[in-house]
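Everything on this sheet refers to the single structure shown next.
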């Protein structure tokens, strides 16, 4: 009766300090490893002879970190997948999730400090590497990129039914936390440069778009990435609508000229789509 | 280039107070509604004429709550799905996620109080109802059920490689936070009774199983549900291994007779599987 | 220029398994140790010779746990304080914060299981032990006890100014997360029994009180404890008002007979007071 | 028996959009208001006639935001305190806590965009304004400023007892999340400029200090602020030690040249001190 199954180690916290001659660099990752394959004996009869402990997966992450490059971290993911697929009797598929927490040098007397850093906010960089004995695919992404535009955002002309009370607007705050994952068509590319350019394409499109809805802007963001970057064959974007509601000041004899808002957490709209190259 | 897409409202917090003659009852839900269908015009050209605002979805949840039963909450999910599918030009598929936060009466002078309640912990009840014009399916579940067994749990005989350092053990603490989702083969059943019995089957199996690994116990839990409940045709279980590591007391001249543990959050094993009726 | 200072270790996770003949028992604590004293040399000139590492504090918690009783955990706090005050050149004051995460046996076939447990929700038990060479005081408490009453709760007759829009009500939901800390006048008492009785006094008063406001019920809860328990000479209670707002259903042609509410997180009222025995 | 008491509204989320001719500016605040005074009647007899509802406090925040400046937000706090103290029969003391969540313009084609923004990470700016009929004091601060130095940090020569196992080190990673609160001696100052300079003093000292311990660096940070800024008469700093532990790679036949670390959350050191001008 056992259908799909997988097991692995999550939340492996790895910090590598690169001691370059003129300055230090920090690579700060949270890694998760997941194996799938023929583990039926372990499930059904408690026979662990084919089960590599998740503790060993953790050890492998630290051991490989010592003698492999972690920049860009996508290639470290590729190396980890290859490691878990090597040898005999191994899993049929391996997935490694990597989350990078960026640090930037502190600025002291106008210059980047060589060994003091600041965590640059809540945004994380993501890579997901999946491999089988036949092939390996790399997905990159970002999460927690909180952005807001205070002009060029409307929502009107929508469908109404007897339960609709939302007023139409041609000028609203559009705030969201961007989560985007894109799949590369190949694995021998300059991951770091591409990541920077794709992120910039997402941000510039968000900023410049004359938005008729979250869907409309999401689609434009995805199209911009696919148009500019042939290396990407698919992008998945998730945009929670972090509603900023105008406060009704009329009970206090005041007018709200679209200036005073309450930022709400719940409920929130959630708009998701995948764009794929034809 | 637009492939999959969906949109909806999440985090709709709904509390309904049932004023029964002898006592009150609280139903406390977090609801999410998600629609999919032909919304390409909204994405590509900013034409919102087929887009029902997510704000209207929220209104619908509150309006339907007023004149529909919320017990069991699975049927409220079915009613919500039907509502969003009714009428013309509607979405082709609707998903409603419901999370119930249970409250139990306070005990005062040995008896349940008629209108004072306590939130019964972190465990939540889950239902996911998916519908199209052709069919509706109901998945039920639970999440955040934290359990621990301090005997009848081993992990030995596992695969070793040069990076394996984990000692074998025939007596370890096994702690986890159970997340389980099961799919019903039908929708005209007694959801509340089944839920209670399935939860009890999961817990009794966890407690009584002679565990050789997390996988082994997970499989036994899933099998117990499928064997006892023909209404269930599939169950998906996720068991994070909340490691409790014995503390090495030897530097202090003390022996740890498997009594003193450090409970860790990171890293954690994660074991997942789906069991399906043949 | 250095005024107050303290240092210590927080987040020490300790689980002790008591292997009784007929059943196991779990004590699950998060401990924090804090020392204060003459540590000026460390601050000003970097001289660490009087600084016991926080790592050693962690070791002490595990080492003492091995040969001291943890039930009730208040006495373990007293033992820890005594440990850090013992010897020469030591800190002038020590504070130990303990948080207990309760586990209860699973019920299997109508009986408590001997070695399988369930975490009983979000409520934690608290103890704070403070000691100097002269004296030791014990404060006990609880946090995260989420309760709700759906009758016997009003808020009316309040002060109005030109910015007041809140309607008066004689029937509202009163939901809160109780945090209470009480100070014992002595340390040679039955902590576990007292804790249970004080918790019950808080809950029964919350349930039974004809509440005119959060303040009113908070005061009644504190008074109940001080009246019934001469061992307690002070109690501090904090009650966030977890607002449940009636949903306006009139736009949908429906009446809300005080049955449909939205539970909100932000903003929230926060009512706090200390009651002290004269 | 009622001793101290206070009540108020927390978590008031306020976003003000400043529509300047050439660009927009966002002020994003979370505000809490707390009143203390003679509210004994409300507590003891349920008489609410002197109780201004916390809902009115929320209204006041939004109403005042409409016609008061929010830049710098310290002055908005002063205005709010004055508002709640004005009139008759009012509270004897008012505290307003403000947390500012900073947004920065997106960079598009090398230039700051006029109306698109990015949330600049987890660091928040803080102000606490306290007022009575006699006087008003302003405390400013910051929280969640996560920094790390990978050189010039040691911890050695510390006190040892029989439970000490920590090795000495002359080269360790020092990572922390800075929380600092400083009290101004006056209220008619340039809050925004001072805030920037004080933050920079904290960061530059952290970066440049030859650290013998967290205490040592904390003290240097506080001294730097007091020395450079006579407007500040007291500063309170809290530095959790976010331990980065070198991973033992010797079981894998590898050497760790102080390059591979595990970042841990629990347990953590916590070092706190107040520095006060004599």
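Read-outs throughout are calculated quantities, based only on the coordinates presented, and are distinct from any laboratory measurement. Just so it is clear, the model here is predicted, and its values are computed rather than measured. So basically every Cβ, Gly included, is an ideal-geometry build from the backbone, and we count neighbours across all protein chains shown.
Side notes on the structure shown:
- P(r) for the protein assembly as shown, from all Cα pairs and a bin width of 20 Å, is 11, 39, 43, 8, 0 %, short bins first.
- Copies compared at residue B:45 - label distances in nm, ascending, label defined 7 Å from Cα in the Cβ direction: 6.4, 7.2, 8.1
- Across the stretch B:171-211, the residues whose backbone nitrogen lies under 17 Å from the label position 7 Å along the beta-carbon direction of residue C:109 are B:200-210.
- Relative packing of B:193-200, C:24-31, which averages over residues the other C-beta atoms within 10 Å, highest first: C:24-31, B:193-200
- Shortest-first distances to equivalent copies, position residue D:250, nm, label 7 Å out along Cβ: 1.3, 7.6, 7.7
- Highest-MSF residue in chain A out of A:233, A:248, A:190 [GNM, Cα springs under 10 Å]: A:248
- Normalised by the number of residues in chain D, the average gap of Cα pairs under 8 Å and 6 or more apart makes the relative contact order 12 percent.
- Relative to the other identical copies, residue B:102 shows label-point distances of 1.6, 4.5, 4.7 nm, where the label point lies 7 Å from Cα along the Cβ direction and values run shortest first.
- GNM remark for chain B: springs join alpha carbons under 10 Å apart, and the peak mean-square fluctuation among B:43, B:243, B:209 falls on B:43.
- Measuring r between the beta carbons of residue D:190 and residue D:18 and using R0 = 22 Å, the FRET efficiency lands at 0.70.
- Cα centroid of the stretch C:1-67 to Cα centroid of the stretch B:200-278, whole Å: 31
- Percent RCO, i.e. relative contact order, over the stretch A:7-134, from Cα pairs under 8 Å lying at least 6 residues apart: 27
- Candidates B:204, B:266, B:231: whichever shows maximal mean-square fluctuation once chain B is modelled as a Gaussian network with Cα springs under 10 Å: B:266
- Relative contact order [Cα under 8 Å, 6+ residues apart], the stretch D:143-276, whole percent: 26
- Label point 7 Å beyond Cα of residue D:50 along Cβ direction - residues of the stretch C:196-218 with amide nitrogen under 18 Å: C:212-218
- Considering only chain D, the C-beta nearest to the rotation axis that sends D to B is found at D:265, 3, the distance in whole Å.
- Computed log₁₀ I(q)/I(0) - Debye formula, equal Cα scatterers, no solvent, the stretch D:143-276, q 0.12, 0.19 Å⁻¹: -0.54, -1.10
- Each part gets one Cα centre, and for the stretch B:73-124 versus the stretch A:104-168 those centres are 32 Å apart.
- Beta bridges from DSSP with both residues in the stretch D:143-276: antiparallel share about 95 percent, rounded to the nearest 5.
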